[in-house]
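Colleague: Okay, here's the structure, questions in a sec.
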Amino acid sequence: MARIGLISDIHSNLEALQAVLADTERVGVDRLVCLGDVVGYGPDPDACLDLVAQSCDAVVRGNHDEAVLGQEAVHAGLHPRAQEAIEFTRSRLSPGHLMLLESMLELADVDGLSLAHGSFGPRRFLYLYTARAAREAFEYLPTSIGAVGHTHVPAAFWESSSSDARLPEIRPFPLRANETVELPGRGRLILNPGSVGQPRDRNPDASWALYDSEAHTVQIRRVAYDVGAVQSKIEQMGLPDFHALRLRAGV
Ligand code: ZN
């Protein structure tokens, strides 16, 4: 299996998910994996859970997915606006949807690619914004390549091979939207595909990644979708305005 599609942080944004799935079909993927946070923030948790269950070969559980299941510590750590969306999500889900959330794994492995929502260490919901934060994830990464979501920002971190007693070097590896990038042949990598349903890198287009394990390349793909339609639904459902406004700005 060479071409693996990585999607993450859909956050109940059905229009963005549909646009990304159409793009994965356009370019062709052998496997599709989801790095968690299928629900939270947005208006369509039930439809997004159904579509992810139909489309993905593996799904790991995010902090918003876990908060819906009643993990109080996780729920309490969320912003009150996010908690409001969790209550809304609970009101929209059937027992079958709750079973889909329960069936998500904390960690998974697909063709040697390790998957986690936030990080691979005991702090599963650590945010890997920096090389420093990524060090802890590399310590626990069981394979030579891993993928995480959670920050909503596409990124890659590279760890040098440690041939001596010194700590391996870790640094961000540059990626550019819609450009295929050849990955370094030595060392290990952690990829982040960005967010399908709530990008936060000031680009409102939905983000996903195409990882080719044979060619050893990755491409971050950005896909435009009908942001206005999602904003109207958020308003209609009485969810906090902020969740609608941020979609246009990509923050
Ligand atoms: Zn998220």
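Just so you know, all these numbers are worked out from the coordinates, no wet-lab data involved. On a predicted model such as this, the values are computed, not experimentally measured, just so you know. As a convention, Cβ positions derive from the backbone with ideal geometry for all residues, glycine included, and neighbour counts pool all protein chains shown.
Colleague: Please verify whether the range 58-67 includes one or more residues that are within 16 Å of V230 (Cβ to Cβ) and away from the ligand (no atom under 12 Å from the Cβ).
Modeller: Within the range 58-67 (the criterion being within 16 Å of V230 (Cβ to Cβ) and away from the ligand (no atom under 12 Å from the Cβ)), the answer is no, since none of the residues qualifies.
Colleague: Looking at the range 25-56 only, could you name the residues that are buried (at least 20 other Cβ atoms within 10 Å of the Cβ) and not in a loop (DSSP other than H, G, I, E, B)?
Modeller: Within the range 25-56, L32, V33, C34, P45, C48, L49, V52 qualify.
Colleague: Looking at the range 15-37 only, could you name the residues that are in contact (Cβ under 8 Å) with a residue 40 or more places away in the chain, out of contact with any Lys or Arg (no Cβ under 6 Å at 6 or more places or on another chain) and either closer than 17 Å to R81 by Cα or within 16 Å of the ligand (Cβ to nearest atom) (or both)?
Modeller: A16, L17, V20, V33, L35, D37
Colleague: Which of the residues belonging to the range 205-238 are under 19 Å from P43 (Cβ atoms) and either among the polar types (S, T, N, Q) or crowded, with 20+ Cβ neighbours inside 10 Å (or both)?
Modeller: A206, Y225, V230, Q231, S232, I234, Q236
Colleague: A follow-up question, please. So, R132, is that one assigned to a helix (DSSP H, G or I) and surrounded by fewer than 23 Cβ atoms within 10 Å (Cβ to Cβ) or not?
Modeller: Taking the combined requirement at face value, the residue satisfies it.
Colleague: Can you name every residue in the range 218-251 that is of a type in the set (D, E, K, R) and free of Cβ contacts under 8 Å to residues at least 60 places away in the same chain?
Modeller: Passing the criteria: R222, E235, D241, R246, R248.
Residues checked against (1) within 16 Å of the ligand (Cβ to nearest atom); (2) out of contact with any Asp or Glu (no Cβ under 9 Å at 6 or more places or on another chain):
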| position | (1), (2) |
| --- | --- |
| G118 | yes, yes |
| R132 | no, yes |
| A137 | no, yes |
| V148 | yes, yes |
| E159 | no, no |
| I170 | no, no |
| P174 | no, yes |
| S213 | no, no |
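Colleague: Quick one: in the range 1-14, which of the residues that are under 22 Å from L101 (Cα atoms) and of a type in the set (V, I, T) is nearest to the ligand (Cβ to nearest atom)?
Modeller: I10
Colleague: Now a separate question. Suppose the filter is farther than 20 Å from G194 by Cβ and assigned to a loop (DSSP other than H, G, I, E, B); does L78 pass it?
Modeller: yes
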